[in-house]
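What follows is one structure encoded as structure tokens, with my remarks underneath.
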Amino acid sequence: MAKEMFLAGCSAAAHGAKLSRVEVISSYPIRPYTGIMMELSKLVANGELDAEFVHGEGEHAQVSIAYGASAAGARAYTGSSGVGVTYAMECYSPAAGGRLPCQMAIADRALDPPGDFGSEHTDVMSARDQGWIMGWAETPQEVLDNTIMYFRIGEDPGVMLPQFCCQDGYFVSHIPGKVVYPEQSQVDEYLPPFKNPHPLDPTKPVSHGPQIYPDQGPAIDLQRAQAFIDVPKVIRKAVKEYNEIFGRDYSPFLDEYRTDDADFVFFLQGGHARTARYAVNHLRDKGVKAGMVKLRFLRPFPTEEIAETLSKFKAVGTVETSTSYGGAMKGGNLIHEVRAALYDVPKPPAVTSFMAGLGGEVVTLDEFYNMAKVLAQAAKTGKVDQYVYWVNFDKGV
Amino acid sequence: MAKAVETQNLEAVKSIRRVPQEEYYLPGHRTCQGCGPALTYKLVSKAAGPDSIFLGPTGCMYVANTSYLCSPWAYPWMHTQITNAGAVASGIEAAYQVLIRKGKYKGKLPNIVVMGGDGGSIDIGLQAMSGLMYRGHDVLFIMYDNESYANTGIQTSPATPYGANTTFTPPGEAIPEGKVLFPKDAPQLVIGGHPAVHYVATASVAYPVDLINKVRKALNYKGPSFLHIHSPCPKGWMFDAAKTVEVAKLAIETGMWVNYEWEKGEYTYQHTPKEYKPVKEYMKTQQRFAHLTDAHIAKMQAFIDARLKAPGIPVALPVLGPREE
């Protein structure tokens, strides 16, 4: 019987990495993700995990060390938060383009200025177009499970892509929760050792990353896009087998909560889903037909699933927790992708967005109730008055 | 933490006739005629041999060697960003340590060699190079020095000499000497602050046996080592492509370049002339210095004279800096 532990998200990520038998770890301190590396450094120092623990001189080096290790054939793990994530930006494309499936844990943090420790998804959302698989966890349990699942998905021979394994800073990374801790033997059964098909090995010389000329570019870009088209079926299989072996009930892409007869849903990713569940319960107690849909993977974005699921409702409100200044909807990013996915649906729901949880602000129950009022009205009229509501600033929220 | 893994042991060669016949850096690349860095690459490849992994941060030796997804290397090679060769090399070395320890890789630790240009070594690549040296990874970092950002069209770098005409330091009425700064001391950046490093040396394409043996000595050291290799660039320095070795030799004869080894704190010097020729002899071979006045050349001579009192050991600038004049 698997044991139960009480772990915060950072520790859960570290133990997910340990159970995945990571071989090279690269660290650099920045809050709040630091806890992951503090835990892993103890596990290495105690001899509980046989890995090379490399102190990078910055996040740019951290990611470079990780993808270099992956190129040599080792399972590599790193992580960061906030401006650390954006400092490493140059290195994301070489890792993805080199098809080097290292994993980077993200515990989100707002970017500067002004200096702010709080969680906000803008840090790694800025890297969403770099070719990495990415998604958010809601609880420490999901953090640990995702860490293991992401290695399995990223290292699949048909995928070979790096992964951002994300959790909200503090809300998930620093608040302990119950974690059912898998047996090592179960993880070993689920996650085979990493095998790079073309490692940097003197007995089989290969060149990684020679230059191309523009006429070769489109074909290579197409291959990378094609890999992403194939990822969803790998995710479905990986999640299904994970559920079977470890007794979980994750859905691959969209986690629905009390949506059966819902008029409207909150659509979001990450830790604020915890609060959203309570808000939905309280709204239901008052007879309001509210529900929640949580996104588990931002990349690959589950377009068909979104179209099918969200078209069941009259109104959808994306809770953004990230910014896209000057974007099409003048607020966050989720709404862009949601509206695009719903464009060809015969009777699409009314879709608006809420700027909430920025700079690490808690999204309170009262705020969810106010959002619910906007969404109930949209469900009734079938249209939205605004594409974006700045919660606590705009009228009505 | 890490148990010792078996590493390479490469023998010194006694003469040019004993240099391995095998080529591991093969024809078919697009370097310029008379390319000093390409000659460096050929010699370093012969020295390291096939049980090696080479890393190429962005620079001439990436851009001119790889095109249309082709590459001229008979050993595994990987491109790195110009910024991060030291870090990628660290990751590869760490991976081999753990893979060998766990029995997943059966051979000895391969030679891991970074071939960085001056920008990728001591300018934009300095942080990652220093990180590697500090952490003690078993990697040889080579700075093939062609004294400019050559692949982008000859722009000044921290290795470009005072007075050079580059496309970012063109001489003009207001700035007659072109480049006004004196170069960074590359080996000193490594020697000066990295306790894990035991071997740093300079070499020149004009002395191939010395170059090869320094590469081998560096590779035989467990832990990080650094080689600074003078690699003249006919295009960037503007001299006849047939005279690469001649120019390199003249650099040593005038004191513009000094071949030395720093081994566990001790300096030894190679190819020291009995008497140094004036730097003007060297400078007049290259059009990049053609605009300089006698006063500028005197300034260069003063700098070189001061440096030659203790070659390899940094000296305070003996001439006025740009904010002092």
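Brief remarks on what is shown
- Take the conditions (1) of a type in the set (D, E, K, R); (2) farther than 16 Å from A:A61 by Cα; (3) more than 7 Å from every other protein chain (Cβ to nearest Cβ); B:E93 misses just one of them, which is (2).
- Pair list, Cβ < 9 Å and 6+ apart or interchain, from the stretch B:232-246 residues that are closer than 15 Å to B:G153 by Cβ and touching a residue at least 24 places away in the same chain (Cβ under 8 Å) to residues that are surrounded by fewer than 16 Cβ atoms within 10 Å (Cβ to Cβ) and among the hydrophobic types (A, V, I, L, M, F, W, C): B:P234/B:A241; B:P234/B:A242; B:K235/B:A241; B:M238/B:A290
- Among helices (runs of 4 or more DSSP H) entirely within the stretch B:140-252, having at least 2 residues that are within 27 Å of B:T31 (Cα to Cα) and among the hydrophobic types (A, V, I, L, M, F, W, C) singles out B:208-220.
- A count restricted to the stretch A:190-229 and to residues that are within 12 Å of another protein chain (Cβ to nearest Cβ), within 23 Å of A:N146 (Cα to Cα) and assigned to a helix (DSSP H, G or I) stands at 0.
- Looking only at the stretch A:97-124, and only at residues there that are in contact (Cβ under 8 Å) with a residue 12 or more places away in the chain and farther than 24 Å from A:A14 by Cβ, the one that is farthest from the other protein chains (Cβ to nearest Cβ): A:D116
- Only a single item in (1) within 9 Å of another protein chain (Cβ to nearest Cβ); (2) on the phi < 0 side of the Ramachandran plot; (3) surrounded by fewer than 24 Cβ atoms within 10 Å (Cβ to Cβ) is not met by B:L109, and it is number (1).
- A:S173 vs. criteria over 30 Å from A:G360 (Cβ atoms), of a type in the set (G, A, S) and touching a strand residue (DSSP E or B) at 6+ places or on another chain (Cβ under 8 Å): no
- Residue satisfying condition, being surrounded by 16 or more Cβ atoms within 10 Å (Cβ to Cβ), closer than 30 Å to B:S52 by Cα and among the hydroxyl-bearing types (S, T, Y), within set A:S173, A:S207: A:S207
- Test: residue in the stretch A:304-327 that is of a type in the set (S, T, Y) and on the phi > 0 side of the Ramachandran plot: yes
- Filter result (part of a loop (DSSP other than H, G, I, E, B) and surrounded by 20 or more Cβ atoms within 10 Å (Cβ to Cβ)) within the stretch A:325-339: A:M329, A:G331, A:G332, A:N333
- B:K102 passes every criterion in (1) facing another protein chain (nearest Cβ under 10 Å); (2) in contact (Cβ under 8 Å) with a residue 60 or more places away in the chain apart from (2).
- A:Y67 falls short on exactly one of the conditions (1) within 14 Å of another protein chain (Cβ to nearest Cβ); (2) without any contact (Cβ under 8 Å) to a residue 60 or more places away in the chain; (3) hydroxyl-bearing (S, T, Y), and that condition is (2).
- Boolean, A:Q141 is more than 29 Å from A:V206 (Cα to Cα), in contact (Cβ under 8 Å) with a residue 40 or more places away in the chain and not hydrophobic (A, V, I, L, M, F, W, C): yes
- Search result, residues across the stretch A:18-55 that are touching a residue at least 12 places away in the same chain (Cβ under 8 Å), assigned to a helix (DSSP H, G or I) and either within 19 Å of B:Q97 (Cα to Cα) or of a type in the set (S, T, N, Q) (or both): A:K18, A:T34, A:L40, A:S41, A:L43, A:V44
Bear in mind that the values in this text are calculations on the coordinates, not laboratory data. In this text, all values refer to a predicted model and were calculated from it rather than measured experimentally. A quick note on method: Cβ atoms are made from the backbone with ideal geometry, for glycine too, and the neighbour counts reach across all protein chains shown.
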